[in-house]
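Report on the structure given below.
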Amino acid sequence: MSVAPWRCIGSRCRCAAGNGEVISLRNRQWLGSGTQWLSWVHRHDVIQSILFLLGRDDLHGPFNVTSPQPVTGRDFCTALQAHHRTFIRVGVPAPVMNLMVGEMANELLLKGQRVLPESLRTLGFNFEYSDLTSALSEIYQAHTSLHS
């Protein structure tokens, strides 16, 4: 059995991309057009899904661990902006990303995949944070509690 968490967000205000790269949630500008899909999952749901899968000896194969409600890059940034005041609400144009990152910008940053956890849902796993609004509210509430 293999588990593939996509972009994992948690109470430490960090986001890990599918390739393991950690990105700060403080970046509130979308990349390119912002219409690319962004599959994400709350850290709590990653842990719970792994425990759920480990409790089943009859399962084999890969499982996508991602929220059942992916969003676009622009929607993700808009949701982040609700928790932080931002004066600049524009994206980073694709040509700028290509200059900064090179040819890999298209594949890694400007294209997205609408990944859904169909196998997990079929098995009856329930996501506690299936929508981005509730996930970010919990993250920022926990972050505020840690720093007060």
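Read-outs throughout are calculated quantities, based only on the coordinates presented, and are distinct from any laboratory measurement. None of these values were measured; they are calculated from a predicted model. All Cβ positions, glycine included, derive from the backbone under ideal geometry; neighbour counts span all protein chains shown.
Estimated from the Cβ-Cβ distance and a Förster radius of 25 angstrom, the FRET efficiency linking L59 and S130 is about 0.75. Segment Q81..S119, full-extension length gain: 10.5 nm, with 0.36 nm per residue of separation and the alpha-carbon distance subtracted.
Neighbours of A135 by Cβ distance under 10 Å: Lys/Arg scored +1, Asp/Glu scored -1, total -3.
In plain terms, the residue of L120, L38 with the fewest other Cβ atoms within 10 Å comes first and the most crowded comes last, giving L120, L38.
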